[in-house]
Amino acid sequence: MSAPAMGTSKTAHSDSSNKKKKGPGTLATAYLVIYNVVMTAGWLVIAVGLVRAYLARGSYHGLYYSIEKPLKFFQTGALLEILHCAVGIVPSSVVLTGFQVMSRVFLTWAVTHSVREVQSEDSVLLFVVAWTVTEIIRYSFYTFSLLNHLPYLIKWARYTFFIVLYPMGVAGELLTIYAALPYVQKTGLYSITLPNKYNFSFDYHTFLILVMVSYIPLFPQLYFHMMRQRKKVLGHVEEYSKVE
Amino acid sequence: MPVVFFEVEILDAKTKDKLCFLDKVGNIFTFIFTLYPQWYPARQSIRLDPKGKSLKDEDVLQHLPVGTTATFYFRDLGAQISWVTVFLTEYAGPLLIYLMFYFRVPFIYAPKYDFTTSKHWVVHLACMCHSFHYVKRLLETLFVHRFSHGTMPLRNIFKNCTYYWGFAAWMAYYINHPLYTPPIYGEQQIRLALIVFLFCQIGNFSIHIALRNLRPPGSKTRKIPYPTKNPFTWIFLLVSCPNYTYELGSWLGFTLMTQCLPVAAFTLVGFIQMTVWAKGKHRSYLKEFRDYPTLRSPILPFIL
């Protein structure tokens, strides 16, 4: 959940500290606008694909297959955002962004793609829909922010939709990982057993369980962080209505 | 021209004996401590600018760039713990943890292996090397190292111990495992690895002694380290932080000896961290000493 330097909703106090806001240069801004527009378009394609497939089939079942390729392409493309932070054209933490993107990429490739049997699960649809709506809003938020023309509706959507989408996505992700467990255990997917000449072992089944457990401390932290951001960003609206 | 003094002398009225002196920043630490006993001197940071660098204990007040009044900014550094305590804790852990795996204490491996010993002699050798390494570190902490800062933030001990203890357990689990596979090239590989390991242990120790001798007891002066009569220190010609170079070498030796991927991972992570430290140290040497030898690299001769 990173916002570029420009158009952020930091309340503009006249700073006594000489903090020079090192935003991206014009070339970098142009690149970022293109990147965010492309990503917005990409996730719109996925959204349209989902709707069309649903209308054509008449059921929620197996919609993953209709958007599998663009999902993989655009979700993996988000890895570039780590680079943006590392290079400095986006003022977010590399570690935080890396963590968020990697967890998405992990779910896309190491779980959903790798364990064929879960692809027809409804839980996949749950997180795909959550991701799609979230990303369309997020990337259009960045696009408009970079152009310094952020419609309040987009800002509001970004800091409000997550209230439902975040838990929805987490539920979909957890249920999908859970559904994958028996198949991973049966086939020994991505696992290495002893003895071997590298004297190393890895049990993917146990690893997936640990991943699920890690949601317990992580999800509340991220969720409440967004809640605090929401109060900060949208807070002044409530103050106005109180005055009236 | 008005002369400004930053020196306060308190004498006994009767005997004229000097009771105390206020001329260094350290005196201010003591003063604040008496007013605010929860802030012992080690956790105080005083600077001339709220975001500036902390002043040091021994800085002389008179030499500070202030006018007739001086304003200092205080910051609480949080609970502190001494370096010695941290080092002893973080090194004692791996020593004991590895031995637990070596002796196959119950609940680690299958019950039929409890308290058995490995049939591979390299496993016994590895245990000796690993234990020697950490005993050496403990003894160096107690008798060799001279620390410039007394303390570090308390939370560091949890971070550091997780790292050292976690990796030690991970490595030890595989090396001492009943299904451990000895090195492919057998005795040749193990012998070479042992030579590298011992060579680098002696080297690392030599550097620690050389660094200690640079600094007389109780002083905090910094000098450029140079090669001494000990051939193991001649590496100072090419490298700023040869202690890290030798440390890397030791762990490469241990990796070769055990042919264990987790050991390789530990070596890699350690190497990355030591490179960061070496670069920092190298930079501060360059900044502090005009005549710093130009041939030296931070950690790897000519490379890094």
Checklist entry - Taking the stated definitions as given, is B:T221 more than 30 Å from B:Y174 (Cα to Cα), modelled with pLDDT under 95 and in contact with a helix residue (DSSP H, G or I) (Cβ under 8 Å, 6 or more places away or on another chain)? => result no
Item to check | Residue in region B:185-195 that is within 14 Å of chain A (Cβ to nearest Cβ) and loosely packed, with under 14 Cβ neighbours inside 10 Å present | outcome: yes
Checklist entry - Only one residue in B:T245, B:T228 is open to solvent by 20 Å² or more (accessible area, probe 1.4 Å), more than 30 Å from B:K56 (Cα to Cα) and assigned to a loop (DSSP other than H, G, I, E, B). Which one? => result B:T228
Checklist entry - List pairs: first in region B:269-282 and under 10 Å from B:C241 (Cα atoms), second in a helix (DSSP H, G or I), Cβ under 6 Å, 6+ apart or cross-chain? => result B:M274/B:Y244; B:A278/B:Y244
Next on the checklist: Kindly evaluate B:V269 against the criterion of being under 29 Å from B:H177 (Cα atoms), within 14 Å of another protein chain (Cβ to nearest Cβ) and among the hydrophobic types (A, V, I, L, M, F, W, C).
Outcome noted: no
Checklist entry - When only residues in region A:182-206 that are more than 14 Å from chain B (Cβ to nearest Cβ) and open to solvent by 70 Å² or more (accessible area, probe 1.4 Å) count, which is nearest to A:V115 (Cα to Cα)? => result A:Y183
Checklist outcome for this item: A:V95 passes all but one of the listed conditions (1) at pLDDT below 95; (2) surrounded by fewer than 14 Cβ atoms within 10 Å (Cβ to Cβ); (3) within 14 Å of chain B (Cβ to nearest Cβ); the exception is number (3)
Next on the checklist: Looking only at residues that are part of a loop (DSSP other than H, G, I, E, B), over 28 Å from B:N213 (Cα atoms) and touching a residue at least 40 places away in the same chain (Cβ under 8 Å) in region B:134-179, which one is farthest from the other protein chains (Cβ to nearest Cβ)?
Outcome noted: B:L154
Checklist entry - So is B:H63 open to solvent by 30 Å² or more (accessible area, probe 1.4 Å), closer than 30 Å to B:R212 by Cα and without any contact (Cβ under 8 Å) to a residue 24 or more places away in the chain or not? => result yes
Checklist entry - Any idea which residue in region B:272-292 is farthest from the other protein chains (Cβ to nearest Cβ), counting only those that are open to solvent by 50 Å² or more (accessible area, probe 1.4 Å) and over 17 Å from the mean Cα position of the chain (by Cα)? => result B:D291
Next on the checklist: Just to verify a result, which residue in region B:11-43, among those that are touching a strand residue (DSSP E or B) at 6+ places or on another chain (Cβ under 7 Å) and in contact (Cβ under 8 Å) with a residue 40 or more places away in the chain, is nearest to B:A79 (Cα to Cα)?
Outcome noted: B:R43
Checklist entry - Given (1) on the phi > 0 side of the Ramachandran plot; (2) within 14 Å of another protein chain (Cβ to nearest Cβ), where does A:N148 come up short, assuming only one miss? => result (2)
Checklist outcome for this item: Those helices (runs of 4 or more DSSP H) completely within region A:133-244 that have 3 or more residues that are of a type outside the set (G, A, S) and more than 25 Å from the chain's Cα centre (by Cα) are A:162-187, A:204-243
Checklist outcome for this item: Inside region B:146-184, the number of residues satisfying the requirement of being open to solvent by 20 Å² or more (accessible area, probe 1.4 Å) and either β-branched (V, I, T) or within 27 Å of the chain's Cα centre (by Cα) (or both) is 25
Next on the checklist: Looking for something modelled with pLDDT of 75 or more, of a type outside the set (A, V, I, L, M), exposed (fewer than 14 other Cβ atoms within 10 Å of the Cβ) and not assigned by the TED database to the domain that holds B:P153 - is there at least one such residue anywhere in region B:21-29?
Outcome noted: no
Checklist entry - From the list B:I108, B:I46, which one is assigned to a strand (DSSP E or B), in contact (Cβ under 8 Å) with a residue 12 or more places away in the chain and surrounded by 15 or more Cβ atoms within 10 Å (Cβ to Cβ)? => result B:I46
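The values are calculated or read from the model by the stated rules, or taken from the named source; none is laboratory data. The shown structure was predicted, so the numbers you read here are calculated from the model rather than taken from an experiment. Backbone-built Cβ (ideal geometry, glycine too); neighbour counts: all protein chains shown. Please note that ligands, DNA and RNA were not included when accessible areas were found on the heavy atoms of the full protein model with its side chains. Shrake-Rupley method; radii C 1.70, N 1.55, O 1.52, S 1.80 Å.
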